[in-house]
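A short worksheet on the structure shown next.
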Amino acid sequence: MLDSLLNGFLTVTEPMNLLLLFSAVFIGFLGGALPGISGVILVVILLPVTYGMDSTSAFMLLTAIYGATVFSGLITSILYRAPGTPEAVMTALDGYPMTQRGEAGKALGIGIFSSVLGGTVGTIVLIIFTPLLASVALQFSSPEFFGLAVLGLTVVASLGGRLILGLIGVMLGLFIATIGIDPLTGTERFTFNSLNLSAGVELIPVIVGLFAVSEVLKKAKENDTEKEITKVKIKIFDSSIFRKIRFTLARSSILGVAIGILPGIGASTAAMVSYSETVRWSKHPKKFGKGVPEGIAAPEAANNAAAMGALVPLFALGIPGSGTTAIILGAFVMHGLQPGPTFMTNNSELIYAVFVGLFIVNILILLFSKPFIRMFSKLLNIPYASLGPIIIICCIVGTFSVRNSMFDVWLMLGFGVLGYFLEKIDFPLVAIILGLVLGPIAESELRRSLALSQGDFSIFFIRPISASLISVAILLVCAVIISPIIKKRKAQKL
Amino acid sequence: MLRNKFISIIALMMVFLLVGCGNSSEESAGKSDENYPSGNMKFLVAAGAGGGTDNFARQVQPMLEENLGTTISVVNLPSASGAQAHKRTANSEGNGLTLDFASSTYITSLAAGQNPTGLEQLTPVARMQSDVMTLIVNPNKYKNFDEFYEHAKNNPEDVTIGGTHAASPDKMAFLEFKDATGLDLNFIPYDEQGSVSSNVLSGNIDGMFGEISSILGYMESGEMKPILIFAEERLKDFPEIPTTVEKGWDLTNGNERGVFVSADTPDEIVSKIEQELKNIYDSDKYQEYEKKTNLDFREGWLGSEEYREKLEKDLDKYKKLQKENK
Amino acid sequence: MRRNLYAFAISIFLISLFFLVQTIQLPGSSEVSTLIGPRFWPLILVVSLIFLSLSLLIGTFISNKREENNISEEAKPDQLIDRYGAEGSKSNAYDQRFITKHRHWILLVVTILYTFLMNIIGYLFATIIFIAICSIVLGMGKKIHVLITLVSGVVLIVVVFDQLLNIPLP
């Protein structure tokens, strides 16, 4: 393996390849930072470009872009509450309040550090454990995915705000996810005979609308003529903060890789689950959502780690772990490579070059994120009168590019207005996203599990992994219900 | 101050009006095949990026660009099984500049009533790929087709087959297979091919219907095995695998990929595009791509007329199957 | 805030009721080949939404009553500030205040118009008009600033979206 790594290192350090990686990181930065333009779209756009390259360079380029977009979603998430990628939604929860307090530099620094750390942990796991972990991932089938989705949904309890509003949000999200053609039977649900709705509601228009557009509307109402000039000073490593967040970082990176490895579950879910776990383990859970370092570190470490984890089943089994890796898989086929269990042994040179490439991408992110973000954060000082319209334009273009659909743009604007109103009652907007992301997984996997067991609910409790996931979820729900009662009792005794 | 603003807004309106006039006076496209193509072309791909249909379109794109001396933009419209791509093609001007790249999913989703654009709204130009459908299992579960068949026959409702969504070519293959063999099997649709494969690998489901080209890697490692081929004759590369026809079942459909235009397109232009596609199909470069992606197990080409006949036949068959299995 | 909560709970309740009717029309489990039909899951969701919105309504009502009894005095300073704030801005021209007060809605209307225009007059020109109007509405004073925004917006679209990322524009 060391031999292959060394070989890979030599391939990557060829000047042409280094240049390629550098431009990939830059493109990834840019695309990831623009709301609506996610890694999936960038990889799609660059796919035809790679047809002319040799396969090693092609996959280094694609995976590097993939890694860089997952990272740079945090920039606009923290600065403008306009998550650049779906993976960065959770980062806005604590990142944006810090920016509002004038601590944008601190927030970005934590974000960069956590991302790079998560990405590096992910890459190391990828290099060492790929063959081993792939077989573990196969143990996950429908009942386990259902368990995981249920566990993910319990996050709502830790989102802060009023629990009942959070629950309504999750239910709304879950319900929106059912719109469209039912994947299992082909029945049209709530489509009102519209072709646009039969395709279902995409995640990106909802995220961009609820977060970015509603924020622009809110800002437009505020008077910001006398805006103080904020100077963003990014400090990537701060030992006092690091000491505070080191456990969060470790836990989130590992959790992120683990979730990323599971086929079909991506970095967004990883960020959500790891955020909720961090709140759960925290000594001061009430502070989350108001701008604590852990609230940035957790999702960022997790989503970058998960992005790398998603490559594990791709390389080891030819099964994509997320949307972007599914497209990279398609690219493998175009290059005449056969993804599958023998892929790693047959193409070890290419794989190890890609691994080393990813490693270098993390270093490049560390080196170049600072100047790049500084460029972006200068925009903070531009009067909102110029920034507002430009953010809206980015939102429209980004949303449109997801499916080439004007309908999505209208949907996005609609969710923008909805988000504006929901903000007025302190509604936890993330709850809707949570439901929307986990809804399809929860529903279809529940139905698939029961189809597998022919209607027998015991399937969830016979299989060890799903049994433990679901029992943990049930315990957590009970804890949420019981803990206020206990607190009340205690208060009464005092 | 406020007056200034109004003046600027009015000025902008003027600009907009001028621009509007400029646009409307653009000349309309010519319609004879002589000056075809009369402008830049657009490929609408009825599938997501990176899939087989997308790869197909992007392979044809540079070749057609070169042969016709035009620029082609490729737009992916994967939502609702590509229904948007068909709809937009049907509504496009009949000048042959908008081509719809679709797979058999077009006809299967039409049969399932999930696609409002019927065959009367589109003209098939050519079929360029015909992939072979196979029944694939985990060899740890079933060594060969006979073993599978015996087990399924003796244990009704016990065997579960996975596939991608409810109106896909593999679902239709499943229905056809069930109909022809009389076996009592279950079907579970998954969201993506990867989930189906991983469930076959882990043994949670018994098998799947799919293309040989997509599982070559697993065959090599012995973790998946095709046990039945939907074809008339055994494949040259896999002489040991039995076919449906030799078992006495007339099932030969696989996933096909072709090109469509709006039904308003005049016949000359349709045959012109057909000729251009035929040239591409026969070129060494295209054949090399088919070979590289293992799509060359059987002849892919079908001209406009034959392709339409084939599609109509398939549609009737699938509609009937869909109705029986509602 | 309180009134908003009521409005929210009631609208969620009404929307859920509407979709409950829709959901019931979906084929049930016995009519399709899968064990759990397409109706099962949305039905659970809609029913729990109805339940949740009702409990929110009741909860808000109860806490409202309680607070009315407790803190009728604390609210007063707020109102004072409010009145003061309103008077302070009266010195401005009436029209100006109208724009400022409703400019988020103006922005929204302009955005909607822009989205329409995009298809009619082409993306680039619509964008130029959009940026200009928006920055004026949002209170951009100097003409040069409007111009800078305009240029940077166009550059963003042409260079970044079209050339660099090659994103299909509407």
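The values are calculated or read from the model by the stated rules, or taken from the named source; none is laboratory data. What you are looking at is a predicted structure, and each value in this text was computed from that prediction instead of being measured. All Cβ positions, even for glycine, are placed from backbone atoms using ideal geometry, and neighbour counts span all protein chains on display.
Couple of notes before you dig in:
- Residue match in region A:16-38 (condition: farther than 27 Å from A:Gly398 by Cα and in contact with a Ser or Thr (Cβ under 9 Å, 6 or more places away or on another chain)): yes
- Residue within region A:172-191 that is among the aliphatic types (A, V, I, L, M), crowded, with 24+ Cβ neighbours inside 10 Å and without any contact (Cβ under 8 Å) to a residue 60 or more places away in the chain present: yes
- If you check A:Gly435, A:Gly419 for being of a type outside the set (A, V, I, L, M) and under 27 Å from B:Gly48 (Cβ atoms), only one passes: A:Gly435.
- Helices (runs of 4 or more DSSP H) wholly inside region B:74-162 containing at least 2 residues that are in contact (Cβ under 8 Å) with a residue 24 or more places away in the chain, buried (at least 24 other Cβ atoms within 10 Å of the Cβ) and touching a Gly at 6+ places or on another chain (Cβ under 7 Å): B:105-111
- Each residue in region B:205-225 was checked for being crowded, with 22+ Cβ neighbours inside 10 Å and facing another protein chain (nearest Cβ under 9 Å), and 5 pass.
- Test result for A:Met98, part of a helix (DSSP H, G or I) and surrounded by fewer than 24 Cβ atoms within 10 Å (Cβ to Cβ): yes
- Residue match in region C:87-105 (condition: assigned to a helix (DSSP H, G or I) and at pLDDT 80 or above): yes
- Count - residues of region B:90-117 that are within 19 Å of B:Ile273 (Cβ to Cβ) and in contact with a strand residue (DSSP E or B) (Cβ under 8 Å, 6 or more places away or on another chain): 14
- Condition check for B:Asp184: farther than 30 Å from B:Lys291 by Cβ, of a type in the set (D, E, K, R) and either at the interface with another protein chain (Cβ under 8 Å from one of its Cβ atoms) or surrounded by 23 or more Cβ atoms within 10 Å (Cβ to Cβ) (or both): no
- The residues of region A:455-468 include none that are within 10 Å of chain C (Cβ to nearest Cβ) and crowded, with 22+ Cβ neighbours inside 10 Å.
The rows are residues; the columns are (1) touching a Leu at 6+ places or on another chain (Cβ under 9 Å); (2) buried (at least 24 other Cβ atoms within 10 Å of the Cβ); (3) farther than 30 Å from A:Phe237 by Cα; (4) in contact (Cβ under 8 Å) with a residue 12 or more places away in the chain.
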residue	(1), (2), (3), (4)
A:Ala301	yes, yes, no, yes
A:Ala306	yes, yes, no, yes
A:Met344	no, no, yes, yes
A:Glu349	no, no, yes, yes
A:Pro389	yes, yes, yes, no
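- Some residue of region A:442-454 being surrounded by fewer than 13 Cβ atoms within 10 Å (Cβ to Cβ) and within 14 Å of chain C (Cβ to nearest Cβ): yes
- If you go through region B:205-240 and keep only what is in a loop (DSSP other than H, G, I, E, B) and either without any contact (Cβ under 8 Å) to a residue 40 or more places away in the chain or under 18 Å from B:Leu295 (Cβ atoms) (or both), you end up with B:Phe230, B:Ala231, B:Glu232, B:Glu233, B:Arg234, B:Leu235, B:Lys236, B:Asp237, B:Phe238, B:Pro239, B:Glu240.
- Meets criteria (under 30 Å from B:Ala166 (Cβ atoms) and either among the acidic types (Asp, Glu) or crowded, with 16+ Cβ neighbours inside 10 Å (or both)) for B:Val259: yes
- Residue in region B:238-246 that is over 30 Å from A:Ala316 (Cα atoms) and out of contact with any strand residue (DSSP E or B) (no Cβ under 7 Å at 6 or more places or on another chain) present: yes
- Checking each residue in region A:424-441 for being under 21 Å from C:Thr60 (Cα atoms), outside any loop (DSSP other than H, G, I, E, B) and facing chain C (nearest Cβ under 10 Å) picks out only A:Lys424.
- Top-ranked residue in region A:404-422 [being under 19 Å from A:Gly39 (Cα atoms) and surrounded by fewer than 22 Cβ atoms within 10 Å (Cβ to Cβ); ranked as farthest from the other protein chains (Cβ to nearest Cβ)]: A:Ser405
- Within region A:39-68, the set of residues being within 12 Å of another protein chain (Cβ to nearest Cβ) and hydroxyl-bearing (Ser, Thr, Tyr) comprises A:Thr50, A:Tyr51, A:Ser55.
- Of all residues in region B:129-147, those satisfying the criterion of being in contact with a strand residue (DSSP E or B) (Cβ under 6 Å, 6 or more places away or on another chain) and farther than 19 Å from B:Gly217 by Cα are B:Gln129, B:Ser130, B:Phe145.
- Selection status of B:Thr160, on the phi < 0 side of the Ramachandran plot, in the same structural domain as B:Gly94 (by TED's automatic domain parsing) and within 28 Å of the chain's Cα centre (by Cα): no
- Test: residue in region B:267-275 that is under 24 Å from the mean Cα position of the chain (by Cα), in a loop (DSSP other than H, G, I, E, B), surrounded by fewer than 21 Cβ atoms within 10 Å (Cβ to Cβ) and assigned by TED's automatic domain parsing to the domain that holds B:Ala126: no
- Within region B:81-106, restricting attention to residues that are of a type in the set (A, V, I, L, M, F, W, C) and more than 21 Å from A:Ile45 (Cα to Cα), the residue that is modelled with the lowest pLDDT is B:Ala83.
- Residue match in region C:110-133 (condition: β-branched (Val, Ile, Thr), at pLDDT below 80 and surrounded by fewer than 14 Cβ atoms within 10 Å (Cβ to Cβ)): yes
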